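**Student:** Please read through the structure below; I'll follow up with questions.
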Amino acid sequence: MKDIIVDRLFTSDDCKYLLSFASNFLPSGITLQKENVFNDYRLSEDCSVNNNPILNTFLLSKLSCLNIISIPSVGYIKYTKGSKFKLHRDRYETGGDYTHRYKTLIIQLSESNDYMGGNLIIEKNIMPKEIGSVILFNSKCLHEVTELEDGIRYSLCLFLTKNNFKSNSI
């Protein structure tokens with residue numbers, strides 16, 4: 001699991017608190033040539049929280065141990081029965097809108113027994129489902145979320161740039 005950091009940095013109560021900032025989940029799309037496209041490549045719902053100082057301060061209090069110094073837009077993803085996100089990368093080296101993405105950070109916000117399926121797989125490695133787990137990986141890594149068979153799975157996602165990290169830590 002080279003280039004993948006996994007650590008449990010949030011408690012169950014922390015995760016409930018993080019979820020309290022999320023509202024108005026809408027169907028997720030994928031962006032192709034600056035247009036949001038809806039298809040079966042990604043079936044989920046999401047919402048964004050931008051520039052919330054209370055949320056950002058709380059996240060930084062837990063994530064500073066990873067040398068993170070600032071928080072970009074916070075994305076929440078909701079997976080329900082039948083939801084999935086097929087194999088993809090969050091950053092491509094050439095062209096596209098997302099060449100600035102450096103690292104992807106995912107926080108598992110649901111208890112593992114709240115859902116079946118919905119495995120996060122990064123470079124063929126199944127990631128922990130334990131609530132509060134933080135998974136940090138290079139945005140170039142291939143990853144997917146397998147189809148959710150039952151229940152609801154929530155996660156928080158940050159797309160971090162090099163500017164979100166201490167300059168001497170990258």
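The values are calculated or read from the model by the stated rules, or taken from the named source; none is laboratory data. Fair warning: this is a prediction, and the values are worked out from it, not measured in the lab. Cβ coordinates were reconstructed from backbone atoms using ideal geometry, including for glycine residues, and neighbour counts include every protein chain displayed. Ligands, DNA and RNA are stripped out before the accessible areas are found, and what is left, the full protein with its side chains, is counted by its heavy atoms. Shrake-Rupley method; radii C 1.70, N 1.55, O 1.52, S 1.80 Å.
Yes/no per residue for (1) at pLDDT below 95; (2) among the acidic types (D, E); (3) under 16 Å from the mean Cα position of the chain (by Cα); (4) surrounded by fewer than 16 Cβ atoms within 10 Å (Cβ to Cβ):
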residue: M127; (1), (2), (3), (4): no, no, yes, no
residue: E130; (1), (2), (3), (4): no, yes, yes, yes
residue: S139; (1), (2), (3), (4): yes, no, yes, no
residue: T146; (1), (2), (3), (4): no, no, yes, no
residue: Y154; (1), (2), (3), (4): no, no, yes, no
residue: C157; (1), (2), (3), (4): no, no, yes, no
residue: F165; (1), (2), (3), (4): no, no, no, no
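**Student:** Is it the case that K81 is assigned to a loop (DSSP other than H, G, I, E, B), in contact with a helix residue (DSSP H, G or I) (Cβ under 8 Å, 6 or more places away or on another chain) and open to solvent by 20 Å² or more (accessible area, probe 1.4 Å)? Reasoning before the result, please.
**Tutor:** On the way: assigned to a loop (DSSP other than H, G, I, E, B): yes; in contact with a helix residue (DSSP H, G or I) (Cβ under 8 Å, 6 or more places away or on another chain): no; open to solvent by 20 Å² or more (accessible area, probe 1.4 Å): yes.
No, not satisfied.
**Student:** Please give the number of the condition D114 fails out of (1) under 20 Å from P27 (Cα atoms); (2) at pLDDT 95 or above; (3) open to solvent by 50 Å² or more (accessible area, probe 1.4 Å); (4) not hydrophobic (A, V, I, L, M, F, W, C).
**Tutor:** So the condition that D114 fails would be (1).
**Student:** Further question: Output the residue which, of all residues in segment 6-45 that are at pLDDT below 90 and part of a loop (DSSP other than H, G, I, E, B), is farthest from S155 (Cα to Cα).
**Tutor:** If we take residues in segment 6-45 being at pLDDT below 90 and part of a loop (DSSP other than H, G, I, E, B), then Q33 is farthest from S155 (Cα to Cα).
**Student:** Which of the residues that make up segment 151-170 are touching a Lys or Arg at 6+ places or on another chain (Cβ under 6 Å) and within 15 Å of N67 (Cα to Cα)?
**Tutor:** Initial filter on segment 151-170 (touching a Lys or Arg at 6+ places or on another chain (Cβ under 6 Å)): 154, 159-160, 170.
Within segment 151-170, F159, L160, I170 meet the criteria.
**Student:** A follow-up question, please. Of the residues that sit in segment 92-108 and are at pLDDT below 80 and more than 17 Å from F165 (Cα to Cα), which one is surrounded by the fewest Cβ atoms within 10 Å (Cβ to Cβ)?
**Tutor:** T94
**Student:** Can you work out which of the residues in segment 49-63 that are within 17 Å of the chain's Cα centre (by Cα), not β-branched (V, I, T) and not in a loop (DSSP other than H, G, I, E, B) is surrounded by the fewest Cβ atoms within 10 Å (Cβ to Cβ)?
**Tutor:** So the residue we want is L60.
**Student:** Then there's this: For segment 68-88, does any single residue satisfy the condition of being basic (K, R) and within 25 Å of S20 (Cβ to Cβ)? Let's see the steps before the verdict.
**Tutor:** Of the residues in segment 68-88, the ones basic (K, R) are 78, 81, 84, 86.
Pick out the ones that are also within 25 Å of S20 (Cβ to Cβ) and you get 78, 81.
Yes: one or more hits.
**Student:** Can you report the number of residues in segment 141-170 which are closer than 24 Å to V49 by Cα and charged (D, E, K, R)?
**Tutor:** Selection size over segment 141-170: 4.
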